[in-house]
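Notes follow the structure.
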Amino acid sequence: MPTALIWLVFALGLAGAEALTGDMFLLMLSGGALSAAASSALTDWPLWTDGAVFLVVSVLLLVLVRPVLRRRLWAAPGDDTGVLALQGKTALVLDRVELHAGRVKLNGEVWTARPLADGDVFEPGEQVTVLHIDGATAVVGKIV
């Protein structure tokens, strides 16, 4: 059996095992094995050079690619997302905010808004704090 085929089978086995762990460690080793398979198929170097290619590429993938991939795929447990991330942010009043009407600019987007207290009124140009999101409406109050 050619060496390149052995490396390829090893790479596929590691990629398959990665599906069971989900840690992205075995996937990086699979990338190293795949590059060793390519090196073995394209060159006529001795077997130890394929091992060196596997080692170098695997270490580079583990150090450079894996941390970036993990950050993109898994948010930190304390990070709020969606509407929870908007609570506490400052918004700019675009149209007068009163009991049944108003618009604010929040995170670069225009939201309908209403004050938390029924008697509060905020004029255009004022800065307000988003207290919570109710459906598609930002409930706002004075900046504290």
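Okay, here's what the table says:
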| read-out | value |
| --- | --- |
| The range 8-30 residues that are outside any helix (DSSP H, G or I), paired with ones that are open to solvent by less than 40 Å² (accessible area, probe 1.4 Å) (beta carbon under 9 Å, 6 or more apart) | 24/18 |
| Identity of the residue in the range 117-134, closer than 13 Å to residue 86 by Cα and without any contact (Cβ under 8 Å) to a residue 40 or more places away in the chain, that ends up surrounded by the fewest Cβ atoms within 10 Å (Cβ to Cβ) | 134 |
| Looking only at the range 31-55, and only at residues there that are of a type in the set (A, V, I, L, M, F, W, C) and without any contact (Cβ under 8 Å) to a residue 12 or more places away in the chain, the one that is farthest from residue 72 (Cα to Cα) | 45 |
| Members of the range 83-116 found to be open to solvent by less than 60 Å² (accessible area, probe 1.4 Å), touching a residue at least 40 places away in the same chain (Cβ under 8 Å) and over 15 Å from residue 142 (Cβ atoms), listed by number | 86 |
| Number of the exception - residue 57 against (1) over 30 Å from residue 3 (Cβ atoms); (2) touching a helix residue (DSSP H, G or I) at 6+ places or on another chain (Cβ under 7 Å) | (1) |
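The values are calculated or read from the model by the stated rules, or taken from the named source; none is laboratory data. Computed from a prediction, not measured in an experiment: that's the story for all the values here. In this analysis, Cβ positions are derived from the backbone assuming ideal geometry, glycine residues included, and neighbour counts consider all displayed protein chains. The accessibility values were calculated without ligands, DNA or RNA, using every heavy atom of the protein model including side chains. Shrake-Rupley method; radii C 1.70, N 1.55, O 1.52, S 1.80 Å.
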